[in-house]
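The values are calculated or read from the model by the stated rules, or taken from the named source; none is laboratory data. As the structure is a computational prediction, the values presented were derived from the model and not from experiment. Here the Cβ positions follow ideal geometry from the backbone for every residue, glycine too, while neighbour counts run over all protein chains shown. The accessibility values were calculated without ligands, DNA or RNA, using every heavy atom of the protein model including side chains. Shrake-Rupley method; radii C 1.70, N 1.55, O 1.52, S 1.80 Å.
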Amino acid sequence: MKKPVFALLCLCCTSALAQSNSGDSLSIGLEMQGSYSNSRTPLWLNANKYGLSSLTASNGYVRGMATYNKEFLDGDLNLQVGADVALPVGYKIEGYKSYTQKFIIQQAFAEVNWKYGVLTIGSKQQPMELKNNELSSGSQTLGINSTPVPQVRLGLNRYWAIPYTKDWLSIKSHIAFGIMTDAPWETVCAKGSVYKYNRYTRYHQKAGYLRVGNEEKFPFSLTLGLEMGTQFGGSAYHFVGTDEQGAQVQNLKLSHSLSSYFHAFTGTGSDAGEDRFSNAEGNNLGSWVARLNWNDENIEVGAYFDHFFEDHSSMFFLDYDGYGSGANRDVKEDNRYFRYDLKDALVGIDVKLKKFRYVNQAVVEFINTRYQSGPIYHDHTASVPTHICGRDSYYNHATLPGWQHWGQVIGNPLFTSPIYNGDGYIGVRNNRFKAWHFALAGDLADGLHYRAKLTWEKGWGTYDKPFYQPKTTTSMLVEATYSFPKLSVMNGFSVTLAYGSDSGDLLGDNSGMQATVRYQIK
């Protein structure tokens, strides 16, 4: 038996023994998954799995999980530590479409909850807000598609009612700083290519949500929120030319001083090499989000909105456009602004039927990302005073690696992740698209749960490098999970079988099966 496999089994056995001898809460699990496809793994067998997936035709993993909880002060204070590791099958260092690590530390964290506050240190899978985590195509900023970034995160673990509002106004928020761990993968991807890569990029995210409504008194609520992320610091390696010895690499050391952390939090500063047209330090992005919700004893219906932005032009829909010309090209002479349109957004509706088991959840979403503040980009010059900043290129950045981690985009997987590129380019080659997404789920019998997804997408590439002709794909998923409710000897076991497919020239023609066996003790 290989040593890593033996170590994984020892972890599970040790956790089981600890559970039998302790009164504290302990949850352990073992999971095994195998996938086989005719070409590469279809979209919905790969996406929204916190990065634990592979595009290779045949792949799989063995995974061990353990979480320990201890309560203090009559439950007001809770300490939780967790470990989640996986051993992949089909890992190839040369082929970065496969699992990207030989030994995957999926989660490793310590967390302290005190009343409404929570402090998390390490890497932990965090769910999406305001969307159905099982059926949605994904959030555009803080999604569930990539490997968790190790970070220090402080926030509210649930909505906190603002005093003197009689529970009609409540808030939830968090702030986090961390460091991206995919430097080895980025280096391998860029080897032999002419593209840039980055090492040890710093990471920042924050979010805040305001909920209006008290569902204990009336079943309607409105939630408004802002989600933001920033990448900064680390080292950027850019290929600047070739000679007889091959490609020449320029190493650009990016700042991660205390002031850089402040700039990441406030969206200020400037990047190295920027002149008078500086924007902000690092890769700054985010989403305005909202949800209208009706929740009574029979049904929950939510309508939600997610507008993604890369900079101030698409965040505030305004840009100053009153500069002078000639020698006064940098002088603000007129009170004039350019207004951007609200054309890019994810809009969706999800329904939960509480008393109808066979189809008890449904989601419909439409996504458009083609505008990106318009196709024209120029900073004003001596002869052209008009200042219009478009072509935002969602999820990409000139210096930093873009909104991805270990090859998977951090947000919505309909932005084609870098693992699909195959040539060492670490960036999103398809970020201008429109898509329809449909999904439903239900319980056909006791212990038998299913879900199904159908997505149609049409992509135009990017503004800088558009496709010669628009490309389309239709992706589907049919999945069933059985948990053996009537067999006590099988308590904690579940088996999942899934079929997925892609058809079209955007992702290719792919079809495949995936089987997952889980054993969970709580």
Checklist line | Residue pairs meeting the criteria (Cβ under 7 Å; at least 6 apart or on separate chains; first at positive phi, in segment 316-343; second of a type in the set (Gly, Ala, Ser)) | finding: 326/382
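Here is a yes/no grid of residues against (1) aromatic (Phe, Trp, Tyr); (2) farther than 17 Å from residue 48 by Cβ; (3) modelled with pLDDT of 95 or more; (4) within 26 Å of the chain's Cα centre (by Cα):
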site: 448; (1), (2), (3), (4): no, yes, yes, no
site: 461; (1), (2), (3), (4): no, yes, yes, yes
site: 477; (1), (2), (3), (4): no, no, yes, yes
site: 481; (1), (2), (3), (4): no, no, yes, yes
site: 487; (1), (2), (3), (4): no, yes, no, no
site: 491; (1), (2), (3), (4): no, yes, no, no
Check: Do the conditions hold for residue 55, that is, is it touching a residue at least 40 places away in the same chain (Cβ under 8 Å), closer than 25 Å to residue 456 by Cβ and in contact with a helix residue (DSSP H, G or I) (Cβ under 7 Å, 6 or more places away or on another chain)?
Finding: yes
Checklist line | Complete set of residues in segment 311-347 that are assigned to a helix (DSSP H, G or I) and aliphatic (A, V, I, L, M) | finding: 315, 327
Next item on the list: Kindly establish whether residue 398 is open to solvent by 10 Å² or more (accessible area, probe 1.4 Å), at pLDDT below 95, under 21 Å from residue 428 (Cβ atoms) and of a type in the set (A, V, I, L, M).
Entry: yes
Checklist line | Failed item in (1) at pLDDT below 85; (2) exposed (fewer than 15 other Cβ atoms within 10 Å of the Cβ); (3) touching an Asp or Glu at 6+ places or on another chain (Cβ under 9 Å), with residue 357 passing the rest | finding: (1)
Item checked: Tally, over segment 320-353, of residues that are under 29 Å from residue 412 (Cβ atoms), touching a strand residue (DSSP E or B) at 6+ places or on another chain (Cβ under 8 Å) and open to solvent by less than 100 Å² (accessible area, probe 1.4 Å) -> 12
Note to self: So if I check each of 90, 82, 122, 143, which one is under 21 Å from residue 285 (Cβ atoms) and either modelled with pLDDT of 95 or more or not aromatic (Phe, Trp, Tyr) (or both)?
What the structure shows: 143
Next item on the list: Determine whether residue 288 is at pLDDT 85 or above and over 21 Å from the mean Cα position of the chain (by Cα).
Entry: no
Item checked: Where a residue in segment 429-446 is closer than 24 Å to residue 371 by Cβ and its partner, wherever it lies, is hydrophobic (A, V, I, L, M, F, W, C) and modelled with pLDDT of 95 or more, with Cβ under 6 Å and at least six apart -> 431/415; 432/460; 435/367; 435/414; 436/366; 436/456; 438/364; 438/454
Note to self: I want to confirm something. Restricting to segment 189-220 and keeping residues that are more than 30 Å from residue 164 (Cα to Cα) and among the aliphatic types (A, V, I, L, M), which single residue is least open to solvent (accessible area, probe 1.4 Å)?
What the structure shows: 190
Next item on the list: Please work out if residue 186 is open to solvent by less than 10 Å² (accessible area, probe 1.4 Å) and not in a strand (DSSP E or B).
Entry: yes
Next item on the list: Check 98, 170 and return the single one that is modelled with pLDDT of 95 or more, of a type in the set (Gly, Ala, Ser), crowded, with 16+ Cβ neighbours inside 10 Å and in contact with a strand residue (DSSP E or B) (Cβ under 8 Å, 6 or more places away or on another chain).
Entry: 170
Margin query: Conditions first: (1) open to solvent by 50 Å² or more (accessible area, probe 1.4 Å); (2) in contact (Cβ under 8 Å) with a residue 40 or more places away in the chain; (3) not in a loop (DSSP other than H, G, I, E, B). Residue 83 passes all but one, so which condition is the exception?
Written below: (1)
Notebook entry, point to check: What about residue 483, is it crowded, with 18+ Cβ neighbours inside 10 Å and without any contact (Cβ under 8 Å) to a residue 40 or more places away in the chain?
Noted result: yes
Checklist line | The one condition in (1) open to solvent by 70 Å² or more (accessible area, probe 1.4 Å); (2) over 30 Å from residue 457 (Cα atoms); (3) aromatic (Phe, Trp, Tyr) that residue 294 fails to fulfil | finding: (2)
Checklist line | Index of the failed condition, residue 414 passing every other in (1) hydrophobic (A, V, I, L, M, F, W, C); (2) under 20 Å from residue 349 (Cα atoms); (3) assigned to a strand (DSSP E or B) | finding: (3)
Notebook entry, point to check: Which ones in segment 281-310 are charged (D, E, K, R) and not in a strand (DSSP E or B)?
Noted result: 281, 296, 297, 310
Note to self: Among the residues of segment 407-438, what is the count of those that are among the aromatic types (Phe, Trp, Tyr), crowded, with 23+ Cβ neighbours inside 10 Å and modelled with pLDDT under 95?
What the structure shows: 0
Notebook entry, point to check: Within the bounds of segment 12-25, is there any residue that is in contact with a Gly (Cβ under 9 Å, 6 or more places away or on another chain) and either surrounded by fewer than 14 Cβ atoms within 10 Å (Cβ to Cβ) or at pLDDT 90 or above (or both)?
Noted result: no
Notebook entry, point to check: Of these, 181, 230, 223, which one is open to solvent by less than 50 Å² (accessible area, probe 1.4 Å), farther than 29 Å from residue 301 by Cα, under 21 Å from the mean Cα position of the chain (by Cα) and of a type in the set (Val, Ile, Thr)?
Noted result: 230
